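One structure is given below, encoded as structure tokens.
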Amino acid sequence: MPWNPTQYHKFNAERSAPFDDLLKLVEIRPHLKVVDLGCGTGELTLRLADSLPNSDVLGLDNSPQMLERASVHARSGLRFQSGDQSLLSGDWDLILSNAALQWTENHNALIPHLFAHLNANGQIAVQIPSNHEHTSHRIIREVAAREPFRTALDGWIRYAPVLPIESYAEIFYRLGAEKIIVFEKIYTHVLADSAAIVEWISGTALVPYFERIGNLREEFAQTIRAEMKKAFPETPVFYPFKRTFFSAFKTQ
């Protein structure tokens, strides 16, 4: 997908807050081999690398635009590389991902695949947006199902692959993981108005629609704005954002 780093960073403080909670789940040890899946523009990967003494950290992303921005953070012990998170190979002491695994389908297969690439005593720590049932996402799906957008999208509508939290816990249990932690947290954002919600999702949830819809992109966005204003007429707008966290260790 053609990611726009500038659009994504319009709500940088709000998007960075969950990383603080994710980093608290990481067991800080020296000399780790680490991969950050979906590293984006690299600022948070740099924070991760700075918190892990004498470790080798790789930021992995499939967006050339994001990696171009991330390259300025490269240093000894921190590098960035193009790659598909669903095809992760190699052996790692820490697999971390902040707000990226939601772009890969079939988590019942993805999570075991990632877990298989952990070394003994390795950790996986992940944060995934799980706000797909919020009104803002429902509006996207409803507008995408209308004409002329339905035809332009060839009937395509995206449904998030994020599982209920108990499903992640069960996956790790069946994998024989230890120190399993799974929880949801709601971040309580206050945005200026409904237009700010559209700005927010234009950097994330709307990206795959914009990629597919061709010359109807602006009409699609305007229709979303109109529906969002109906749903959220007040100013400012309370925008609760649900996120899923999980961490687990591989003992052997």
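See the values below:
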{"quantity": "Failed item, numbered, when Val72 is tested on (1) surrounded by 13 or more Cβ atoms within 10 Å (Cβ to Cβ); (2) over 21 Å from Ala248 (Cβ atoms); (3) at pLDDT 95 or above; (4) of a type in the set (A, V, I, L, M)", "calculated": "(1)"}
{"quantity": "Unmet requirement for Val126, which otherwise passes all of (1) within 20 Å of Ser247 (Cβ to Cβ); (2) among the β-branched types (Val, Ile, Thr); (3) assigned to a loop (DSSP other than H, G, I, E, B)", "calculated": "(3)"}
{"quantity": "Options Tyr173, Tyr209; residue that is more than 23 Å from the chain's Cα centre (by Cα) and either within 19 Å of Leu88 (Cα to Cα) or of a type in the set (Ser, Thr, Tyr) (or both)", "calculated": "Tyr173"}
{"quantity": "Filtered residues of the range 38-56 (kept if hydrophobic (A, V, I, L, M, F, W, C) and within 14 Å of Gly122 (Cβ to Cβ))", "calculated": "Leu52"}
{"quantity": "Odd one out for Glu211 among (1) within 27 Å of Arg150 (Cβ to Cβ); (2) at pLDDT 95 or above", "calculated": "(2)"}
{"quantity": "Helices (runs of 4 or more DSSP H) fully within the range 9-111 counting 3 or more residues that are farther than 17 Å from Val207 by Cβ and of a type in the set (D, E, K, R)", "calculated": "12-25, 43-51"}
{"quantity": "Residues being over 14 Å from Ala17 (Cα atoms) and of a type in the set (Ser, Thr, Tyr) - total across the range 183-200", "calculated": "1"}
{"quantity": "Single match in Gln127, Gln65, Gln102, Gln85 (criterion: of a type outside the set (D, E, K, R), at pLDDT below 95 and within 29 Å of Val198 (Cα to Cα))", "calculated": "Gln65"}
{"quantity": "Residue among Leu67, Leu94 that alone is surrounded by 15 or more Cβ atoms within 10 Å (Cβ to Cβ) and out of contact with any Leu (no Cβ under 8 Å at 6 or more places or on another chain)", "calculated": "Leu67"}
{"quantity": "Flag for Glu178 being within 20 Å of Phe245 (Cβ to Cβ) and either of a type in the set (Val, Ile, Thr) or touching a Ser or Thr at 6+ places or on another chain (Cβ under 9 Å) (or both)", "calculated": "yes"}
{"quantity": "Some residue of the range 244-251 being more than 18 Å from the chain's Cα centre (by Cα), in a loop (DSSP other than H, G, I, E, B) and of a type in the set (Phe, Trp, Tyr)", "calculated": "no"}
{"quantity": "Complete set of residues in the range 157-166 that are exposed (fewer than 15 other Cβ atoms within 10 Å of the Cβ) and either within 15 Å of the chain's Cα centre (by Cα) or among the hydroxyl-bearing types (Ser, Thr, Tyr) (or both)", "calculated": "Tyr159"}
{"quantity": "Test set (1) surrounded by fewer than 20 Cβ atoms within 10 Å (Cβ to Cβ); (2) in contact (Cβ under 8 Å) with a residue 60 or more places away in the chain - Asn62 fails condition number", "calculated": "(2)"}
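Yes or no, residue by residue, for (1) surrounded by fewer than 18 Cβ atoms within 10 Å (Cβ to Cβ); (2) farther than 17 Å from Arg138 by Cβ:
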| position | (1), (2) |
| --- | --- |
| Thr188 | yes, yes |
| Ser194 | no, no |
| Glu199 | yes, yes |
| Thr204 | no, no |
| Tyr209 | no, no |
| Gly214 | yes, yes |
| Gln222 | yes, yes |
| Glu227 | no, no |
| Lys230 | yes, no |
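The values are calculated or read from the model by the stated rules, or taken from the named source; none is laboratory data. Bear in mind the structure is a predicted one, so any value in this text is a computation, not a measurement. All Cβ positions, even for glycine, are placed from backbone atoms using ideal geometry, and neighbour counts span all protein chains on display.
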